[in-house]
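What follows is one structure encoded as structure tokens, with my remarks underneath.
Please treat every number below as a calculation from the coordinates, not as lab data. Note that the coordinates shown come from a computational prediction; the quantities given were computed from them, not determined experimentally. In this analysis, Cβ positions are derived from the backbone assuming ideal geometry, glycine residues included, and neighbour counts consider all displayed protein chains.
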Amino acid sequence: MPYTQNDRPQILEGLQTEQQIEIRKFQKEDIRSVVGINRICLPENYPDQFFLGLHYHAPDAFIVAESKGEDELCGYIMCRIERGLSSFGKLPTKKGHIVSVAVKPECRNQGIGSALIEAAMEGMVEYGASEFFLEVRETNKDAISVYENLGFEIKRTLKGYYRDGEDALLMVKKHQPEE
Ligand SMILES: CC(C)(COP(=O)(O)OP(=O)(O)OC[C@H]1O[C@@H](n2cnc3c(N)ncnc32)[C@H](O)[C@@H]1OP(=O)(O)O)[C@@H](O)C(=O)NCCC(=O)NCCS
């Protein structure tokens, strides 16, 4: 289901758990839940100000998934708009950077991560991004598969990108206006 900035939040139905999941923009009151999900799911953790700074920078590309009924967040995605050379040519362009995305383990494999990424890409397009990119651990097969299913391709390996020395894959996707 497409998500547009003028829409009401998107509701994902028919999930395996039969819960309703609302895909909506982050609000400052969500900060504790988002920081908690980040700590559970990823080794890359940040102070609150980092999350709030990204929200200030690109509020329409900071999206959360909320489990209705339980009034609990089950995932988030936050992004940054950057200028740089296109991954698909040599010209400078505006690029949407997926900085962090995570879904709680008990909420995975229901389409929530994909819905978050799609909603965030729509938000980034509103800010003028014509392509998207992200870094992912080369051993993170689940995430790589989700990104590939959404049309991302591996551009190159970033040697020793992570603090523990693991390599990252740089994955890129061009915005297709008709999508
Ligand atoms: C990566 C991550 C965000 C994906 O979240 P998710 O909610 O599980 O993602 P989705 O449900 O959209 O997709 C996962 C799989 O479930 C499948 N799926 C989607 N809806 C489904 C459904 N209703 N029933 C069964 N399977 C479903 C998808 O096809 C996908 O399968 P794939 O293995 O073929 O790609 C999640 O695994 C995560 O938080 N990982 C830890 C943090 C992390 O690594 N973040 C990325 C850092 S770069």
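When the gyration tensor of the range 10-174 is built from Cα positions, what are the square roots of 5 times its three eigenvalues, in whole Å, from largest to smallest?
25, 18, 16
Once the mean 1/r over all distinct Cα pairs of the range 135-179 is inverted, what Kirkwood radius in angstroms do you read off?
On the way: mean 1/r = 0.0902 Å⁻¹.
Computed over the range 135-179, the radius equals 11.1 Å.
With 10 angstrom as the radius, rank Leu158, Leu116, Leu85, Leu12 by how many other C-beta atoms surround their C-beta, starting from the fewest.
Numbers: Leu158 15, Leu116 26, Leu85 11, Leu12 18.
Placing the least packed residue first, the sequence is Leu85, Leu158, Leu12, Leu116.
Rounding to the nearest 10 and keeping the result within 0 to 90°, find how far the Cα-based axis of helix 31-41 lies from the longest principal axis of the chain.
70 degrees
When N is the residue count of the range 31-78, what does its C-alpha Rg come to as a fraction of 2.2 N^0.38 Å? Before the final figure, lay out each step's value.
Working: Rg = 10.8 Å, N = 48, 2.2 N^0.38 = 9.6 Å.
Compared with the compact-globule rule of thumb, the range 31-78 sits at 1.13.
Expressed as an acute angle from 0 to 90° and rounded to the nearest 10, what is the orientation of the C-alpha long axis of helix 48-57 relative to the principal long axis of the chain?
Tilt of helix 48-57: around 70 degrees.
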